[in-house]
Each structure stands twice: as C-alpha cells, then as structure tokens.
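Worksheet: the structure to be examined is printed underneath.
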Amino acid sequence: MKILGLMSGTSLDGIDLALCEIDEHGCRILAADTYPYLDEWRRRLSSLEGASAYDYALANVELGHLFGQTINKFLQGKERPEAIASHGHTIFHQPVSRVAAAGSSLAYGLTTQIGDGNAIAAETGLPVVSNFRTLDVALGGQGAPLVPIGDELLFGEYDACLNLGGIANISYRADGKRIAYDICPCNMALNRLATMLGYPYDDKGRNARGGEVHTCLLHELDNLEYYTVTEPKSLGKEWFVGQFWPIVKKFIGVSPTTPQVRDALATVTSHIAIQISRIVERQQIKTLLVTGGGAWNSYLLELVEKYYPEVKITVPDALIVNYKEALIFALLGYLRLTGKVNTLASVTGAKCDSVGGVLSGFVLEK
C-alpha cells in the first residue's frame, strides 16, 4: 500500500510530507519534502491556544485545506497514494496524569490536533486518517508518543531511538516491552532563542557553542518537577509556555542582548543533553539512533556523548532524519486501515492497546 504521511511538529518548521510504500518487507520513503509555514501561519499557530472558540474552529478547517492544497502540489508528477495519514498540528495536549492533573479538576484528558481530515479529503479526493491520539487519551493514556511502534517494527536493531523535534522523546525495550516518553523541550526552546538572534534555528549549535553555561539557570531547569515523574509521561506546549519558558525569560530579561541569548542557548542546550544522557545512562543504552531536526545539532550530540561516553550515536541518512515521523505516521495510517494495533499501552499508559485514528471519506470523481 502507498500512503502519504503528513507531520506538523511543535517547532513550527513546516509541513513534512513523505510518500511511502509499505509491504511485508517494511516501509520505505519514495519521495519527501518540507513546505515551510508562512510567517502568518507561524504566528497564528503559536498563539492559537489563547484564541476564541470561533478562531480555533476556523483555523482547524483552514489548516486542513492548506494541508490538502500542499499535498496536491507535492503529488504533481508522482503516483497517487491510496490514503493520507495526517498527524495534524497539536494545539492542546492535557492527558490526565500526575503532572497534568496536579491541582486540576480534569476528570478526563484531552488532546487536539488541528487540520480537519475532511478538508484534506475534499482537497485531495483521497481517504484520510487523522486524530491518531484522541482514542488513547480517552482510554486514560498519554496519547504520546506514537512513533515508538514504528521504532519497534522498523528500527528495532538499535537499543533506543531518540527523536529531537520540538520536544525530545525516546523509545527503547525494557522488560520485554516497548517503553517511550517525552524527555524535555528541544527545538521548541532552541528555535525560539535562535529567532532572537535573527536565525530560524541554531545551525549545528554554533551560537550555543559560543555562549557560556550559567549554573543557576541550568540548576533551575534541571529541577523542574516533570523530570521527577516516572513514565509514562508526555509534554505539551502548555507545559513549555507555563513552566519552562518563564524560567528562561526571567534569565534573558525584557530586552535581551546578544550575549545573554547566546548564554541562554548554551545553557538550554546543556540542559537538553543532560536530560538525555541521564536516561541513556540509566538504561545502559549503547546504540542510539537519532532523528529529527535536532540530529543536525552537532554541538548537542557532542554534549550527550561527553556526559555519557559509552553511547554510540548513529545519525542516519537525511531522508530518515528529516522524515522519520512522517514515515511512521504513514505506517500508523496503514495499521489503522488494516485494523492492526497502532498505539501501545506500554508506551502511553492507557488501559489497553488500540487502533487509533479517525477515517475521513474520499470524494468520488464525477
């Protein structure tokens, strides 16, 4: 089956598309590309959690049409897939857990990924699987991360798989089952700081490398409550905005200078490396596959190896680094369409494994 996987991550880099072929031998990428968001959409998505219900609903529909139009552009001159698997773009992620429910009256969890599947289907004429996370959250799970079943099926030769996207997450086998969870913010924090220096991201960690690590800031970040909670656990933008970023913002001040921002980048990069290396060392991981945009941050990876020299880090070819999540969402779509489990309770903490994803119909040609 040929399925197109679509991923829009919290780092707001753009829309990742991967046309994939799935058979009994595995899953491979036939073609892939990224379509950056216009500044208007970046601003809109970055503040949507505080918008009105009407603006939220409108953005859901309009983003779905944008996804569909972008897919049509991507598929020009290519063989059409049999279906589309769309992660969408996360706005709210509040599963009921020890972190999210602390001091909260929430009886049920919620998670929302916008980019209406029916709008995508209307634009492309193809069936669409979307809303992969909502069933797991309804079953009491974190709804995240979902990629680990792909790690298990496609990259099982590595002790662990680390994805460095907007949020850093890891998956590995322990006690005969796949375990996975979010570690800490990654590009969500690094990109925000880099934009203050006039860059979309900190290329190879150059600015962080030129900054100074501030121990007080590092200590405060390392001691956030989330890091004391055992898995399953996951992070959302609300946590980043409400708990992580205020600490960084307090350090850089209202009108930060270039040296202050560089120092913040250096400190946050060290913080990310420390959180990753603690887990890698605790699990005695020797072979680590690293993907996501942060895989190109050579300074960050150097720090991980510095803190835990026994690990061997593998960064695969650019196609897998940049499009692994889109590839695995294509696989999740395939599993949904064939009625096979695509969400693991051992990863999310849900009551049971499930077959997640909402199927939107396709348009019959006249």
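Brief remarks follow.
- From the list SER277, SER255, SER270, the lone residue that is open to solvent by less than 70 Å² (accessible area, probe 1.4 Å), farther than 17 Å from ASN191 by Cα and among the hydroxyl-bearing types (Ser, Thr, Tyr) is SER277.
- ALA350 falls short on exactly one of the conditions (1) closer than 21 Å to ALA174 by Cβ; (2) at pLDDT 95 or above; (3) over 17 Å from the mean Cα position of the chain (by Cα), and that condition is (2).
- GLY356 being touching a strand residue (DSSP E or B) at 6+ places or on another chain (Cβ under 7 Å), part of a loop (DSSP other than H, G, I, E, B), under 22 Å from GLY140 (Cα atoms) and at pLDDT 95 or above: yes
- Meets criteria (aromatic (Phe, Trp, Tyr) and over 19 Å from the mean Cα position of the chain (by Cα)) for TYR199: yes
- Residues of region 308-348 satisfying the condition of being outside any strand (DSSP E or B) and within 19 Å of ILE279 (Cα to Cα): TYR308, PRO309, GLU310, VAL311, VAL315, SER346, VAL347, THR348
- The set of residues in region 295-321 being open to solvent by less than 60 Å² (accessible area, probe 1.4 Å) and either at pLDDT below 95 or under 30 Å from MET1 (Cα atoms) (or both) consists of ALA295, THR314, VAL315, PRO316, ALA318, ILE320, VAL321.
- Residue within region 69-89 that is open to solvent by 10 Å² or more (accessible area, probe 1.4 Å), modelled with pLDDT under 95 and under 19 Å from GLY14 (Cα atoms) present: no
- Any chance ASN322 is under 16 Å from the mean Cα position of the chain (by Cα) and touching a residue at least 24 places away in the same chain (Cβ under 8 Å): yes
- Test: THR343 is at pLDDT 95 or above, over 16 Å from CYS184 (Cα atoms) and β-branched (Val, Ile, Thr): yes
- Matching residues in region 208-240 - criterion: being open to solvent by 20 Å² or more (accessible area, probe 1.4 Å), part of a helix (DSSP H, G or I) and over 30 Å from ALA350 (Cα atoms): ARG209, THR215, CYS216, LEU218, HIS219, GLU220
- Some residue of region 55-62 being within 18 Å of the chain's Cα centre (by Cα), farther than 20 Å from ASN163 by Cα, part of a helix (DSSP H, G or I) and free of Cβ contacts under 8 Å to residues at least 40 places away in the same chain: no
- Complete set of residues in region 140-163 that are farther than 17 Å from LEU327 by Cβ and modelled with pLDDT of 95 or more: ASP159, ALA160
- Scanning region 138-157 for residues that are of a type outside the set (Gly, Ala, Ser) and in a loop (DSSP other than H, G, I, E, B), we see that the one that is farthest from SER8 (Cα to Cα) is GLU157.
- Residue in region 117-137 that is farthest from the chain's Cα centre (by Cα), counting only those that are open to solvent by less than 20 Å² (accessible area, probe 1.4 Å) and of a type in the set (Val, Ile, Thr): THR124
- Matching option when the condition is assigned to a loop (DSSP other than H, G, I, E, B), surrounded by fewer than 17 Cβ atoms within 10 Å (Cβ to Cβ) and more than 18 Å from the chain's Cα centre (by Cα), among GLN284, GLN243: GLN284
- On the stretch given as region 45-54, residues that are without any contact (Cβ under 8 Å) to a residue 60 or more places away in the chain, surrounded by 13 or more Cβ atoms within 10 Å (Cβ to Cβ) and either touching a strand residue (DSSP E or B) at 6+ places or on another chain (Cβ under 7 Å) or within 13 Å of THR10 (Cα to Cα) (or both) total 2.
- Within region 11-39, being open to solvent by 50 Å² or more (accessible area, probe 1.4 Å) and either of a type in the set (D, E, K, R) or touching a helix residue (DSSP H, G or I) at 6+ places or on another chain (Cβ under 7 Å) (or both) holds for ASP13, ASP23, GLU24, ARG28, ASP33, ASP39.
- Candidate set: region 158-199, residues that are of a type outside the set (Gly, Ala, Ser), touching a residue at least 60 places away in the same chain (Cβ under 8 Å) and in a loop (DSSP other than H, G, I, E, B); chosen: the one surrounded by the fewest Cβ atoms within 10 Å (Cβ to Cβ): LEU197
- Among the residues of this structure, ALA266 does not count as one that is farther than 29 Å from ALA350 by Cβ, in contact with a Leu (Cβ under 6 Å, 6 or more places away or on another chain) and of a type in the set (Gly, Ala, Ser).
The values are calculated or read from the model by the stated rules, or taken from the named source; none is laboratory data. Keep in mind that what you see is a predicted model, and the values were worked out from it rather than measured. Heads up, the Cβs are rebuilt from the backbone with ideal geometry, glycines too, and the neighbour counts pull from every protein chain shown. The area values use the complete protein model at the heavy-atom level, side chains included, leaving out ligands, DNA and RNA. Shrake-Rupley method; radii C 1.70, N 1.55, O 1.52, S 1.80 Å.
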